[in-house]
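The values are calculated or read from the model by the stated rules, or taken from the named source; none is laboratory data. What you see is a predicted model, and the numbers here were worked out from it, not measured in a lab. With ideal geometry, Cβ positions are generated from the backbone for all residues, glycine too; neighbour counts draw on all protein chains shown. We work out accessible area using only protein heavy atoms, side chains counted, and drop any ligands, DNA or RNA first. Shrake-Rupley method; radii C 1.70, N 1.55, O 1.52, S 1.80 Å.
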Amino acid sequence: MASETRTYLAFQRNANQHTLQTNVIAVQPFSALEESNRQLFKNGSDEDHVVVTEQTIFHPQGGGQPSDVGEMAGSCTFTVISVRMDAIHDGRVLHLGRFATASGIFVNGETVQQAIDVEKRLLYSRLHTAGHVLGAAVRHLLEKEIENFDELKASHFPESAACEFQGLIDGKWKEPIQKKVDEYVAAKMPVEVEWWDEEDFRSKGLERLIPDSGMLGPGEKFRVVNIVGAEVYPCGGTHVDTTDLCGPVGVRKISRKTGNSKVSYTVN
């Protein structure tokens, strides 16, 4: 692929935008991808192609969130089955999928209409916001109770949603965590997307949250998700607008291993 242009991540500006008109930058058979990019798509086959566009409303898998799926329509139809950030070309998004007919593919510069699967996007957004609500609840309750407490990572996949923490969380905390999560959900807290530089983090006493600046393009700021009244998270994912839109969030169980704890959850 010749172009080195970063893909504009339209979903980060408006997660409620479900269609987008944009231009094709590059099209390539899956088999012609660099090895490191082929490895991103475990289910890729010789019948698949990868499409790169100037902008995208498709969230690539990452940050614990599954990728969006859907389609692009132009001179032909392309079904998007998986999306990843390019492993080689910084800031570029790869859309893996299959054209409706073997003889018809997009051409560079062609205008296409992107459309995501709205039902899956909403589920993933609910799960992602619920994960932050859970993380905020655990931090509120246990930050001063557990030595060296910290939030580590999270999965917001439907069948394996969980947040991991540094430190051992006893099972007795399950009910208090559930109560605090319920409180945050019922409060209908606004979930606001903001753009911060390093000084914004420092001025708010949140130096611990400053991400790696190598992730940013020229002139960009860090994207943060502010659950107003609860917690702030550097985050590139999609979210619902208020915490009540997560729906009921259930704390499933607390498991412990090698000094860390995992709190799994569901949304209903």
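Scanning the stretch 155-165 for residues that are open to solvent by 60 Å² or more (accessible area, probe 1.4 Å) and over 20 Å from residue 11 (Cα atoms) gives 159, 160. The residue that is nearest to residue 118 (Cα to Cα), counting only those in the stretch 42-58 that are within 20 Å of the chain's Cα centre (by Cα), at pLDDT 95 or above and open to solvent by 10 Å² or more (accessible area, probe 1.4 Å), is 55.
For the stretch 2-18, the condition holds for no residue, the condition being that it is in contact (Cβ under 8 Å) with a residue 24 or more places away in the chain, surrounded by 16 or more Cβ atoms within 10 Å (Cβ to Cβ), among the charged types (D, E, K, R) and touching a strand residue (DSSP E or B) at 6+ places or on another chain (Cβ under 6 Å). Mind checking whether some residue in the stretch 129-148 is among the aliphatic types (A, V, I, L, M), open to solvent by 70 Å² or more (accessible area, probe 1.4 Å) and within 16 Å of the chain's Cα centre (by Cα)? Taking every residue of the stretch 129-148 in turn, none turns out to be among the aliphatic types (A, V, I, L, M), open to solvent by 70 Å² or more (accessible area, probe 1.4 Å) and within 16 Å of the chain's Cα centre (by Cα). Test residue 111 against the criterion of being touching a strand residue (DSSP E or B) at 6+ places or on another chain (Cβ under 7 Å) and more than 25 Å from residue 235 (Cα to Cα), and give yes or no. So residue 111 passes the test. Could you go through the stretch 246-266 and let me know if any residue there is within 28 Å of residue 93 (Cβ to Cβ), within 15 Å of the chain's Cα centre (by Cα) and open to solvent by less than 30 Å² (accessible area, probe 1.4 Å). No, every residue in the stretch 246-266 fails to be within 28 Å of residue 93 (Cβ to Cβ), within 15 Å of the chain's Cα centre (by Cα) and open to solvent by less than 30 Å² (accessible area, probe 1.4 Å). Residues that are within 16 Å of residue 125 (Cβ to Cβ) and polar (S, T, N, Q) within the stretch 204-251 comprise 226, 238, 242, 243, listed in sequence order. Does the stretch 25-36 contain at least one residue that is surrounded by 14 or more Cβ atoms within 10 Å (Cβ to Cβ), closer than 25 Å to residue 238 by Cα and not aliphatic (A, V, I, L, M)? Within the stretch 25-36, none of the residues are surrounded by 14 or more Cβ atoms within 10 Å (Cβ to Cβ), closer than 25 Å to residue 238 by Cα and not aliphatic (A, V, I, L, M).
Candidates in the stretch 3-41 are the residues that are charged (D, E, K, R) and assigned to a helix (DSSP H, G or I); of these, the one that is nearest to the chain's Cα centre (by Cα) is 38. Give the stretch 166-223 a look and list any residue that's in contact with a Gly (Cβ under 7 Å, 6 or more places away or on another chain) and open to solvent by 90 Å² or more (accessible area, probe 1.4 Å), or say none. Listed by number, the list holds a single entry, 168. Taken over the stretch 114-142, the criterion of being closer than 19 Å to residue 182 by Cα, out of contact with any strand residue (DSSP E or B) (no Cβ under 7 Å at 6 or more places or on another chain) and not small (Gly, Ala, Ser) is satisfied by 123, 140, 141, 142. Taking the stretch 87-118 as the range and being open to solvent by 50 Å² or more (accessible area, probe 1.4 Å) and of a type in the set (A, V, I, L, M, F, W, C) as the test, the residues that pass are 87, 88, 100, 102, 105, 107, 118. For residue 93, are the conditions met, namely being more than 30 Å from residue 161 (Cβ to Cβ) and touching a residue at least 40 places away in the same chain (Cβ under 8 Å)? No, not satisfied. The residue pairs whose first member lies in the stretch 182-204 and is free of Cβ contacts under 8 Å to residues at least 40 places away in the same chain, whose second member is basic (Lys, Arg) and open to solvent by 50 Å² or more (accessible area, probe 1.4 Å), and whose beta carbons are closer than 6 Å, counting only pairs six or more residues apart or on different chains, are 195/221; 196/221; 197/221. Against the criterion of being open to solvent by less than 40 Å² (accessible area, probe 1.4 Å) and either part of a strand (DSSP E or B) or modelled with pLDDT of 95 or more (or both), residue 152 does not qualify.
Take residue 71 and decide whether it is within 28 Å of residue 233 (Cβ to Cβ) and open to solvent by 30 Å² or more (accessible area, probe 1.4 Å). So residue 71 does not fit the description; no. Might you check whether a residue that is part of a strand (DSSP E or B), out of contact with any strand residue (DSSP E or B) (no Cβ under 7 Å at 6 or more places or on another chain) and over 23 Å from residue 110 (Cβ atoms) occurs anywhere in the stretch 43-55? No, that holds for no residue.
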